[in-house]
Amino acid sequence: MMTRGRRGGRAATAMAGSAALLAVAACGNGEADEAGESTGGDVHLVLETFGTFGYDELISRFEEETGYTVDHRVTGEHPDYAEALEQNIAAGSGAGDVVALEEAHMAKMLEQGDAFHDLYDYGAGEMEEHFLDWKWELGHSSDGRLIGLGTDVGSLAICYRWDLFEEAGLPTDRDELTETWQTWEDFLEVGLEFRDAGMDEAFVDDVGQFYTAITRQAGDAIYLNRDDELIMDSNPVVKEAFDYAARLAEEDLTAALDTFSDDWNAGIQAGTFATMTCPAWMLGQVEESAGDAGEGLWDVAGVPGEGGNWGGSWLAVPTQSEHPEEAAELAKFLTSTEGHLGAWEEASNLPSSVETLEMDEVQGWTREYFNDAPTGEIFAEGALDLQPYYMGSGHVGVHEAVGAYIDDMQRGEIDPEQAWQDALAEAERAVR
């Protein structure tokens, strides 16, 4: 992990560099009009992403500068997107010119590295110093080809309803809460106080999300070692996180809502729980779900434990693209300093660019909806200290298997010990 001081003062240079990318694209394709600007010929690019990447204004600028046309196709939920992308990659047609690869999906797609262009061939190697070290490295296939350029990272925080904390007689100030719950045990103690105050609302939304947060704070391997062998039973972090989720359920602190379900979205809107884990990208989800009525009621505090990362993606260019050079220019622009800053300002997608993370526009950013919380400082500082974790191709299958039993456990359909044993057995089947 590079220190912040190593790259100080380079933001302006990087901004100029991102503008240069557009200048090269504009001069290198199509014909110039009377004003000297490129018409871009008949280049039509398809960009495929999921969720919210914050690219609307950036795409408009790219189109204006290059003369290309960009069709941005967005799929709502990542599982549906990933399945369709896998099918199109396997078929050799149907994928976009630039596609997003989410972290949980990245390892599997890297196994098909020859289905994507090596972005070193299109000058992306000069961007290495721009990225967090680990984000850059994880964009490579096993044979050293650069498959993906990093978009966002998901450093962690806790979103909370300060009005519910006030009603429960608990501190409401974000800094005080951050100091209060330095550890996950501290966080649980606050939850018990919240419950014992006679609150009708639950303390947390879904214990599975807290399990995920704790496992991702550990760094290195979670379920699989570097040889893709299952280590879930011998990795104490996994069992500790599982037991913590069980305690949240046993102490009646959970609303037992499946994250991203309709009931979960309705719970955010209705204020049926007081806290939730919040990777940087989750802020947009909360704001969308809570709507105008929730503005100013939600706030953001530091996460217990040691930072952590949850989520993030890369942009790749499939070999089936008919315009690989132009597609690479789009991918480089969207992951340049200017691209990262635009995505942050539009959708709070936290940059994986060190220069952008250090900029005042990020560090000084406050989110009005979240009671003017200094979300830029909270998330950026966490991102600069992130430690990556290993996700082999079997990680997603194992995590889904474990998550299913955690869901059953928090709904009281199975006791914690049986849930753990069943999860271990299902994880072994998933790896096989």
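The values are calculated or read from the model by the stated rules, or taken from the named source; none is laboratory data. Just so it is clear, the structure is predicted and the values come from calculations on it, not from any experiment. Virtual Cβ from ideal backbone geometry, glycine too; neighbours counted across all protein chains shown. With ligands, DNA and RNA removed, areas are computed over all heavy atoms of the protein, side chains included. Shrake-Rupley method; radii C 1.70, N 1.55, O 1.52, S 1.80 Å.
With the structure loaded, tell me whether SER142 is of a type in the set (S, T, N, Q) and under 26 Å from ASP71 (Cβ atoms) or whether it fails that test. Here the answer is no, as SER142 does not meet what is asked. Beta carbons closer than 8 Å, at least 6 apart along the sequence or on distinct chains, pair a first residue in region 369-390 that is under 22 Å from SER289 (Cβ atoms) and of a type in the set (Asp, Glu) with a second that is at pLDDT 90 or above and not in a helix (DSSP H, G or I) for ASP372/THR366. Filter region 318-347 down to the residues that are open to solvent by 40 Å² or more (accessible area, probe 1.4 Å) and in contact with an Asp or Glu (Cβ under 8 Å, 6 or more places away or on another chain) and list them by number. Scanning region 318-347 gives THR319, GLU322, HIS323, GLU345, GLU346. When the residues of region 206-241 are filtered to those that are over 22 Å from the mean Cα position of the chain (by Cα) and in a helix (DSSP H, G or I), the one that is farthest from TYR160 (Cα to Cα) is PRO236. For residues that are of a type in the set (D, E, K, R) and in contact with a helix residue (DSSP H, G or I) (Cβ under 9 Å, 6 or more places away or on another chain), scanning just region 169-184, find the one that is surrounded by the most Cβ atoms within 10 Å (Cβ to Cβ). Among residues in region 169-184 that are of a type in the set (D, E, K, R) and in contact with a helix residue (DSSP H, G or I) (Cβ under 9 Å, 6 or more places away or on another chain), the one surrounded by the most Cβ atoms within 10 Å (Cβ to Cβ) is ARG174.
Counting only strands (runs of 3 or more DSSP E) wholly contained in region 245-323, the ones carrying 1 or more residues that are touching a Pro at 6+ places or on another chain (Cβ under 6 Å) occupy 309-316. Out of all the residues in region 348-368, which are of a type in the set (Ser, Thr, Tyr) and open to solvent by less than 20 Å² (accessible area, probe 1.4 Å)? Within region 348-368, SER348, SER352, SER353, THR356 meet the criteria. When LEU386 is tested against (1) in a helix (DSSP H, G or I); (2) closer than 19 Å to ASP220 by Cβ; (3) not β-branched (Val, Ile, Thr), exactly one condition is not met: (1). From PHE187, PHE203, which residue is at pLDDT 95 or above and in a strand (DSSP E or B)? Every option except PHE203 fails the conditions. Of all the residues in region 185-200, those that are open to solvent by less than 50 Å² (accessible area, probe 1.4 Å), farther than 19 Å from GLU240 by Cβ and touching a strand residue (DSSP E or B) at 6+ places or on another chain (Cβ under 7 Å) number 1. Any idea how many residues of region 237-283 are without any contact (Cβ under 8 Å) to a residue 40 or more places away in the chain and of a type in the set (D, E, K, R)? So the count comes out to 3.
Of the residues in region 409-427, none is open to solvent by 40 Å² or more (accessible area, probe 1.4 Å) and touching an Asp or Glu at 6+ places or on another chain (Cβ under 7 Å). The residue that is surrounded by the fewest Cβ atoms within 10 Å (Cβ to Cβ), among those in region 138-168 that are charged (D, E, K, R) and touching a residue at least 40 places away in the same chain (Cβ under 8 Å), is ASP163.
The residue that is most open to solvent (accessible area, probe 1.4 Å), among those in region 86-104 that are in a helix (DSSP H, G or I) and under 17 Å from PRO324 (Cβ atoms), is ASN88.
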